[in-house]
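Sending over a structure as structure tokens; questions will come in a sec.
The values are calculated or read from the model by the stated rules, or taken from the named source; none is laboratory data. Remember, predicted model here, so these are calculated numbers, not experimental data. No Cβ is skipped: glycine too gets one built from the backbone with ideal geometry, and neighbour counts run over all protein chains shown.
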Amino acid sequence: MPNSSENFYRIQKLPPYVFAVINEMKAKARAAQQDVIDLGMGNPDGATPRAVVNKLIEASRNAKNHRYSMSRGIPRLREEIVKRYRSKYGVNLDPESEAIVTIGAKDALAHLLFAVIGPGDVVVSPNPAYPIHQYGVIMAEGQACMLPMPDAATFLSGLEDVYRSGSRPKVILISFPHNPTTTCVDLEFLREIVRLAHHHGSYVVHDFAYADLGFDGYQPPSILQVEGAKDVAVEIFSMSKSYNMAGWRVGYCLGNAKVISALARIKSYLDYGVFQPIQIASIIALRECDEDTEKIRALYQRRRDVLIEGLHRAGWEVVPPRGTMFVWAPIPEPYRADGSLEFAKLLMKEALVAVSPGIGFGPMGEGFVRFALVENDHRTRQATRSIKQFLARKPVLVGK
């Protein structure tokens, strides 16, 4: 019989899930019939476009689509994502060698790291970061080199210092617009990343999950727009945010043929691809749903404005983001010394508003909380009114 005290090699490398503390408080409050406004998880609340749902229903009725699919994704879907990149970014890709369908962006990133990272290989990434960016490296036996990113220029300067020190990272792992900090960059920034990778022999992985969520006229650039990017870079795109298809689990990895081939080989051992009717429906999303994507973008921009306005009325000064579906907010000064987890717990207890503590995104996330723009305008205003009352009362921290 297994020893109950036995430690599993990879599991013991992972820290406790910080967000679970807030989730448990939220569950208890709701069980007590309290009205919690959940602005924690970035879980899109909108419906998938009707044309996509209808195609899924139609394709699901065909028994031929119930069999195993292809781990690389069906050819027509790969062709469609390549067409999107050509029309939107002016980028030409080969659907056979430079594009692969994945079971969401997390699948793409986690298995890509397993494919290209070995023991001790250095992966440089900004911190704070989406957890898989750090812990995917650790699970793949790599060395996570986290550089602070209070802004994009500071991260770039830190990356240059890494190379000047004589280190040669195997991978530069970036994501813009960035979760959780909402940092946005221009094409010139990505051009410099590609130049450094070329010069020093590194690969670049760009997680482009918020490709279509730029605000106030800002259009997030694709790294593949940079001349020569395909020599060193791949980009991960997801249907989750652009098409309200988070639960469908469809993503893509595009770019450098050698990296795509490595990911394809790993996936051939691990899965048979996304359920084929979902892939067929995803073709319709890419082909016919640009207007839906624009409506989704506009909705998040409006929700951003409602939240920022409400926080400002509450006396909480926060800079409005130029992209993503989040707001990254510095903790109000009276609570900053006690940390983001304690502040998030207090906000949950006293205001019944759930947010994500910055420490959950890595050590450099301390001092912030993240709001997700996943509630309608009415509920968001309700949340900010409650926060205003909470800040005016100046309650003490939960553990004090």
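Is it fair to say Pro150 is surrounded by fewer than 17 Cβ atoms within 10 Å (Cβ to Cβ) and either within 20 Å of the chain's Cα centre (by Cα) or at positive phi (or both)?
yes
While we're on this one: Got a sec? Which of Phe326, Phe275 is over 21 Å from the mean Cα position of the chain (by Cα) and either farther than 27 Å from Pro180 by Cα or outside the structural domain of Glu235 (by TED's automatic domain parsing) (or both)?
Exactly one residue qualifies, and that residue is Phe275.
Something else: Across the stretch 10-26, what is the number of residues that are assigned to a helix (DSSP H, G or I) and either touching a Pro at 6+ places or on another chain (Cβ under 9 Å) or surrounded by 12 or more Cβ atoms within 10 Å (Cβ to Cβ) (or both)?
Count: 7.
Right, next: Has the stretch 133-155 got any residue that is under 30 Å from Leu77 (Cβ atoms), of a type in the set (A, V, I, L, M, F, W, C) and outside any helix (DSSP H, G or I)?
Scanning the stretch 133-155 turns up at least one residue that is under 30 Å from Leu77 (Cβ atoms), of a type in the set (A, V, I, L, M, F, W, C) and outside any helix (DSSP H, G or I).
Moving on. Show the residue pairs meeting these rules: Cβ distance below 9 Å; 6+ apart or different chains; first residue within the stretch 30-59 and closer than 15 Å to Val355 by Cα; second residue of a type in the set (Asp, Glu).
These pairs meet every condition: Ile37/Glu375; Asp38/Glu375; Leu39/Glu375.
Moving on to the next point. Residues in the stretch 45-55: is at least one surrounded by 14 or more Cβ atoms within 10 Å (Cβ to Cβ), of a type outside the set (Val, Ile, Thr), farther than 30 Å from Thr154 by Cβ and over 23 Å from the mean Cα position of the chain (by Cα)?
Yes, some residue in the stretch 45-55 is surrounded by 14 or more Cβ atoms within 10 Å (Cβ to Cβ), of a type outside the set (Val, Ile, Thr), farther than 30 Å from Thr154 by Cβ and over 23 Å from the mean Cα position of the chain (by Cα).
Based on what the data block shows, is Ile193 assigned to a strand (DSSP E or B), assigned by TED's automatic domain parsing to the domain that holds Ala110, surrounded by 23 or more Cβ atoms within 10 Å (Cβ to Cβ) and not hydroxyl-bearing (Ser, Thr, Tyr)?
no
Let me ask something additional. Considering only the stretch 247-306, how many residues are surrounded by 22 or more Cβ atoms within 10 Å (Cβ to Cβ) and among the polar types (S, T, N, Q)?
Final tally of qualifying residues: 4.
Given the structure, is Ser167 farther than 18 Å from Trp328 by Cα, surrounded by fewer than 17 Cβ atoms within 10 Å (Cβ to Cβ), among the small types (Gly, Ala, Ser) and in contact (Cβ under 8 Å) with a residue 12 or more places away in the chain?
Details: farther than 18 Å from Trp328 by Cα: yes; surrounded by fewer than 17 Cβ atoms within 10 Å (Cβ to Cβ): yes; among the small types (Gly, Ala, Ser): yes; in contact (Cβ under 8 Å) with a residue 12 or more places away in the chain: yes.
It is true that Ser167 is farther than 18 Å from Trp328 by Cα, surrounded by fewer than 17 Cβ atoms within 10 Å (Cβ to Cβ), among the small types (Gly, Ala, Ser) and in contact (Cβ under 8 Å) with a residue 12 or more places away in the chain.
How many residues, within the stretch 84-108, are farther than 21 Å from Asn244 by Cβ and either surrounded by 24 or more Cβ atoms within 10 Å (Cβ to Cβ) or in contact (Cβ under 8 Å) with a residue 24 or more places away in the chain (or both)?
Within the stretch 84-108, residues that are farther than 21 Å from Asn244 by Cβ and either surrounded by 24 or more Cβ atoms within 10 Å (Cβ to Cβ) or in contact (Cβ under 8 Å) with a residue 24 or more places away in the chain (or both) number 9.
Being in contact (Cβ under 8 Å) with a residue 40 or more places away in the chain, among the hydrophobic types (A, V, I, L, M, F, W, C), touching a helix residue (DSSP H, G or I) at 6+ places or on another chain (Cβ under 6 Å) and farther than 19 Å from Leu113 by Cβ: is that true of Ala209 here?
For Ala209, the condition - in contact (Cβ under 8 Å) with a residue 40 or more places away in the chain, among the hydrophobic types (A, V, I, L, M, F, W, C), touching a helix residue (DSSP H, G or I) at 6+ places or on another chain (Cβ under 6 Å) and farther than 19 Å from Leu113 by Cβ - is not met.
Counting only residues that are modelled with pLDDT of 95 or more and surrounded by fewer than 19 Cβ atoms within 10 Å (Cβ to Cβ), give me the helices (runs of 4 or more DSSP H) lying completely in the stretch 315-400 with at least 3 of them.
Working: elements: 333-336, 340-351, 377-393.
Hits in the stretch 315-400: 377-393.
Additional query: Among the residues of the stretch 59-112, which ones are assigned to a helix (DSSP H, G or I) and small (Gly, Ala, Ser)?
Ala59, Ser60, Ala63, Ser87, Gly104, Ala105, Ala108, Ala110
Quick one: would you say Gly120 is at positive phi, of a type outside the set (A, V, I, L, M, F, W, C) and more than 23 Å from the chain's Cα centre (by Cα)?
Yes.
Within the stretch 354-364, does at least one residue satisfy the condition of being over 30 Å from Phe176 (Cα atoms) and in contact (Cβ under 8 Å) with a residue 24 or more places away in the chain?
no
Within the stretch 26-64, restricting attention to residues that are among the polar types (S, T, N, Q) and out of contact with any Phe, Trp or Tyr (no Cβ under 8 Å at 6 or more places or on another chain), which residue is farthest from Arg370 (Cα to Cα)?
So the residue we want is Asn62.
Could you grab me the full set of residues in the stretch 170-190 that are crowded, with 17+ Cβ neighbours inside 10 Å and either assigned to a helix (DSSP H, G or I) or among the charged types (D, E, K, R) (or both)?
The answer is Lys170, Phe189, Leu190.
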